[in-house]
Amino acid sequence: MAALIEIAGLLRRAGRVLALTHIAPDGDAIGSLLGFGWILRRAWQSEPGRPARRLILACADPLPPQIQWLPGADDIVREPPAGPWDAVVALDASDALRLGTAFRPQDLATAPLVVIDHHITNLRFGALNHVDLTAAATAQIIVELADALGVAIGPEAAVCLLAGLVTDTLGFRTTNVTVEVMATAMRLMQAGASLSEIVERTLNHRPLSLLRLWSLALTTLQLEQRVAWASISQAMREQVNAPATGDGGLVGQLINAPEVVIAAVFAETTTGKVEVGLRAKAGYDVSQVALSLGGGGHPQAAGCTIAGPLAAAEARVLPLLFQLTA
Ligand SMILES: [Mn+2]
C-alpha cells in the first residue's frame, strides 16, 4: 500500500490536480472530495511564490440535497475540463467504473492515478493505492492526509470531513467505529464542525416525498429465509414526485428488523437499470455478492447496478442472498 507521505509529496509537487469521487454520491464521497480540496489548497497556499495551480473536483452525478450545503459543494463539476494533469485522485471508489463518466483514461496520459479508499472490494486500480480497510470512512483517511501534508484542518474542511464520518457510520453506530474514529470526530469538532448540525442536515433529512415513496415501496416488502427485500419503480417515484435515484436509506431501515439478517432494496433507474442496495447484520457479508455483480462495498453495506427490469434483477440477486442464510 502506498504511504500517505508519498501521496502527500506527489500532491505538493503537483501543479494541476483532478480529484474524483463515485457516482450516486453519499456524504463520505462528497465530504472526502471537498475536504481533500480544502486541505490541498491550504497546503499549496503555504508555499507562496509558486506559479498558479489548478485543482478541479468532479462527480459525474448530481449531489442529493442533504449534502449540497457542504462548504464548497457548488464548485464541484460533473464533467472535468480537459487536462493535462500532474495527478488524478480517486476518492471513496472501489473501481474505475464507479467513477462514471468523470473518469477518462486520457486524463491519465501525464498523471498517475492515486486511489484513496476504505472499501474491502477495492480493485487497487491506481498507480498509487492507499486502501485502508480499518478506516470507518474515506474522510478519516483525508484527516491523516492533512497530517501527512502538515496542514491544519480549517473549519470548512472540518465540516466536510465530519459529514463523511457521520454519514458512513450512520452517526457512529456501525461496528467499525473505534476510539480512534471518535478521536478524529472530536478533532473535527474542535476545528469548527458542528456535529448536531451535520446529523440534522444529513442523516435526519427525510422529505415527505421520500416518506411517501417508502410507503409505496413497503407494500412490496417480502421476507424469506431472514432475507427482506423491497423494490422501488420509476412509476412510484413519479406518483409521489420523489428524486430520480436512490432509496433514501430504506435498506438501512429494513436491516433493523430483528427478523432480518440481510436486506435488499431494488431501485429502478431512469435508464431501466436497477440499483441494488444491500445490508447485512454482523456475521453476514454482502460485499462479495455485490462484487460478483460488478459492484462493491463493505461486509455490512454494499451495492451494485445491474440490468433490469426489477423482476429480473430480483431473480438474479435473491438466490445469492439465500445462499448466505441457508
Ligand atoms: Mn465511504
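Tell me yes or no: at least one residue of the range 211-226 is in a loop (DSSP other than H, G, I, E, B) and at pLDDT below 95.
No, the range 211-226 contains no residue that is in a loop (DSSP other than H, G, I, E, B) and at pLDDT below 95.
I want to confirm something. Restricting to the range 53-62 and keeping residues that are in contact (Cβ under 8 Å) with a residue 24 or more places away in the chain and surrounded by fewer than 18 Cβ atoms within 10 Å (Cβ to Cβ), which single residue is farthest from Ser32 (Cα to Cα)?
Arg53
Could you tell me which numbered condition Arg173 fails, if it satisfies all but one of (1) under 22 Å from Asp92 (Cα atoms); (2) buried (at least 20 other Cβ atoms within 10 Å of the Cβ); (3) free of Cβ contacts under 8 Å to residues at least 40 places away in the same chain?
Answer for Arg173: the failing condition is (2).
Scan the range 42-65 and tell me whether some residue there is under 30 Å from Gly249 (Cα atoms) and of a type in the set (D, E, K, R).
Scanning the range 42-65 turns up at least one residue that is under 30 Å from Gly249 (Cα atoms) and of a type in the set (D, E, K, R).
Mind checking whether some residue in the range 43-58 is in contact with a Ser or Thr (Cβ under 9 Å, 6 or more places away or on another chain), within 15 Å of the ligand (Cβ to nearest atom) and not aromatic (Phe, Trp, Tyr)?
Scanning the range 43-58 turns up no residue that is in contact with a Ser or Thr (Cβ under 9 Å, 6 or more places away or on another chain), within 15 Å of the ligand (Cβ to nearest atom) and not aromatic (Phe, Trp, Tyr).
I'd like the full set of residues that are over 23 Å from the mean Cα position of the chain (by Cα) and crowded, with 21+ Cβ neighbours inside 10 Å, limited to the range 77-115.
Correct list: Trp85 only.
Do you know which residues across the range 35-92 are farther than 26 Å from Leu128 by Cα, of a type in the set (A, V, I, L, M) and in a loop (DSSP other than H, G, I, E, B)?
Leu63, Leu70, listed by residue number.
I'd like to check which helices (runs of 4 or more DSSP H) are fully inside the range 101-209 and have at least 1 residues that are touching a strand residue (DSSP E or B) at 6+ places or on another chain (Cβ under 7 Å), within 16 Å of the ligand (Cβ to nearest atom) and under 26 Å from Ile255 (Cβ atoms).
Result: 138-149.
List, please: which pairs have Cβ atoms under 7 Å, are six or more places apart or on different chains, and start with a residue in the range 10-29 that is more than 10 Å from the ligand (Cβ to nearest atom) and end with one that is aromatic (Phe, Trp, Tyr) and assigned to a helix (DSSP H, G or I)?
Between residues of the range 10-29 that are more than 10 Å from the ligand (Cβ to nearest atom) and residues that are aromatic (Phe, Trp, Tyr) and assigned to a helix (DSSP H, G or I), the close pairs are Ala19/Phe36.
The values are calculated or read from the model by the stated rules, or taken from the named source; none is laboratory data. In this text the structure is predicted, and so the values were computed from the model without any measurement. Virtual Cβ from ideal backbone geometry, glycine too; neighbours counted across all protein chains shown.
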